[in-house]
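*Asks:* Attaching a single structure in structure tokens format; questions to follow.
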Amino acid sequence: MGQIKLNQVTKSFGDVQVIPPLDLTIEEGEFAVFVGPSGCGKSTLLRLIAGLEDVTTGHIEIDGRDVTNVQPAQRGLAMVFQSYALYPHMSVRKNIAFPLRMAGMDEAEQKKRVERAASVLNLTDYLDRRPGQLSGGQRQRVAIGRAIVREPAAFLFDEPLSNLDAALRHGMRMEIGELHQSLATTMIYVTHDQVEAMTMADKIVVLRAGVIEQVGSPLELYRSPRNLFVAGFIGSPT
Ligand code: ADP
Ligand code: MG
């Protein structure tokens, strides 16, 4: 579960085409990082996959199913945003269970999933606290917990750490990496930070002005950048 395929996808806003025809496959279980300078289309691409924006032309498949016209909630994906909107008056437990409660899942199954997510995220001791009693990193984990309980086919992260300070960012990078290891679920992670891309990715997708400049493992990109833009961005010796 969790293969994502873009076939000749384009996106225009009005007369401006920000994504020219683009093909890309993210394999099941892969940790893919979209990297590139500000305004290159990383968020747009992620939002197209999530269904938060409609493609102008082309098709998107998830596990072989055409989801181009499928509503976001029915795509089986979980999007983790940079600003984590938790409910301040609810306990951590209730915050994490929120999407399950909305879906009308029975209480016993909700409890099981929340406790499993809390255990993966080291939040077991914090389930009865309110978000205001947690650190920034713990709050970010609660937001991720809310995504985990839905057991998505893939997680989509849009610069989730950019509001955190350097030390916390380092810790969260490690935690997201561990989360990927333990869940073995496809993750797409957007960042403009080369260090994040190089340290976290199985596969890096380098974007410039909506165009994929190169796709490869961190080592492949470092050793064999296709052009000066990729070399400069990845920090290869030239
Ligand atoms: P990134 O996330 O890489 O910084 P974005 O995907 O946010 O880039 O933006 C890519 C391009 O699309 C930019 O030129 C941006 O101005 C434009 N864009 C993004 N969203 C919209 C929108 N809703 N309306 C018009 N232009 C947009
Ligand atoms: Mg963005």
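Please treat every number below as a calculation from the coordinates, not as lab data. Since the model is a prediction, treat every value here as computed from it, not as a measurement. Cβ coordinates were reconstructed from backbone atoms using ideal geometry, including for glycine residues, and neighbour counts include every protein chain displayed.
*Asks:* List the relative contact order of the chain as a percent without decimals, with contacts defined as Cα pairs under 8 Å and 6+ residues apart.
*Replies:* Over the chain, the number comes to 28 percent.
*Asks:* List the pairs from LYS42/LYS203; LYS42/LYS112; LYS5/LYS94 whose alpha-carbon separation is above 25 Å, in the order I gave them. The partial results should precede the final answer.
*Replies:* Working: LYS42/LYS203 15 Å; LYS42/LYS112 35 Å; LYS5/LYS94 34 Å.
Checking Cα-Cα distances, LYS42/LYS112; LYS5/LYS94 exceed 25 Å.
*Asks:* Give, as a single signed number, the net charge of other residues whose beta carbon lies under 12 Å from the beta carbon of ARG113, with Lys and Arg counted +1 and Asp and Glu -1.
*Replies:* Values: positive: ARG93, ARG101, LYS111, LYS112, ARG116, ARG146, ARG150; negative: ASP106, GLU107, GLU109, GLU115, GLU151.
It works out to a net charge of +2.
*Asks:* Something else now. If a/c stays under 1.5 just call it rounded; otherwise compare a/b with b/c (prolate if a/b is bigger, oblate if not). Do that for region 163-219, with a ≥ b ≥ c from the square roots of the Cα gyration tensor eigenvalues.
*Replies:* oblate
*Asks:* Can you tell me which of ALA108, ALA73, ALA97 moves the most in a GNM of the chain? Springs connect C-alpha atoms under 10 Å apart.
*Replies:* ALA108
*Asks:* To the nearest 10 degrees, how steeply does helix 107-120 sit against the main Cα axis of the chain, on a 0 to 90 scale?
*Replies:* 60 degrees
*Asks:* What Kirkwood hydrodynamic radius do you get for the chain when you take the inverse of the mean 1/r over all pairs of distinct Cα atoms, in Å? Could the numbers behind the result be given before it?
*Replies:* Details: mean 1/r = 0.0540 Å⁻¹.
Averaging 1/r across every pair of different Cα atoms and inverting gives 18.5 Å.
*Asks:* Sticking with this one: HN-Hα J couplings of region 196-211 from phi, Karplus 6.51/-1.76/1.60, θ = phi - 60°, integer Hz, Gly and Pro as x?
*Replies:* 4, 4, 5, 8, 9, 7, 7, 9, 9, 10, 8, 10, 9, 6, x, 10
*Asks:* Compute the relative contact order of region 49-177 as a whole-number percentage, counting only Cα pairs closer than 8 Å that sit 6 or more residues apart in sequence.
*Replies:* Relative contact order here is 34 percent.
*Asks:* Taking amide H positions as placed in the peptide plane 1.01 Å from N, state which residues far from PHE157 in sequence (5 or more) or on other chains have amide H under 5 Å from it.
*Replies:* Distant-sequence amide H within range of PHE157: VAL80, ILE188, TYR189, VAL190.
*Asks:* For region 52-168, what does the alpha-carbon gyration tensor say about shape, rounded, prolate or oblate, given a ≥ b ≥ c as the root eigenvalues, a/c under 1.5 as rounded, and a/b over b/c as prolate?
*Replies:* Oblate shape, in that a/c is at least 1.5 and b/c is the bigger or equal ratio.
*Asks:* Right, another one. How would region 98-160 be classified by its alpha-carbon gyration tensor: rounded, prolate or oblate, with rounded meaning a/c under 1.5 and the a/b versus b/c comparison settling the rest?
*Replies:* Oblate shape, in that a/c is at least 1.5 and b/c is the bigger or equal ratio.
*Asks:* Where does helix 136-148 land angle-wise versus the long Cα axis of the chain, in degrees 0 to 90, nearest 10?
*Replies:* 90 degrees
*Asks:* Points 7 angstrom from Cα along the Cβ direction at ASP23 and PHE229: gap in nanometres?
*Replies:* According to this spin-label approximation, the distance is 1.9 nm.
*Asks:* Next up: Could you state the angle between the C-alpha long axis of helix 92-102 and the longest principal axis of the C-alpha atoms of the chain, as a value from 0 to 90 degrees rounded to the nearest 10?
*Replies:* Its long axis makes an angle of about 80 degrees.
*Asks:* OK, next. Of the beta bridges DSSP finds with both residues in the chain, what % are antiparallel, to the nearest 5?
*Replies:* 50 percent
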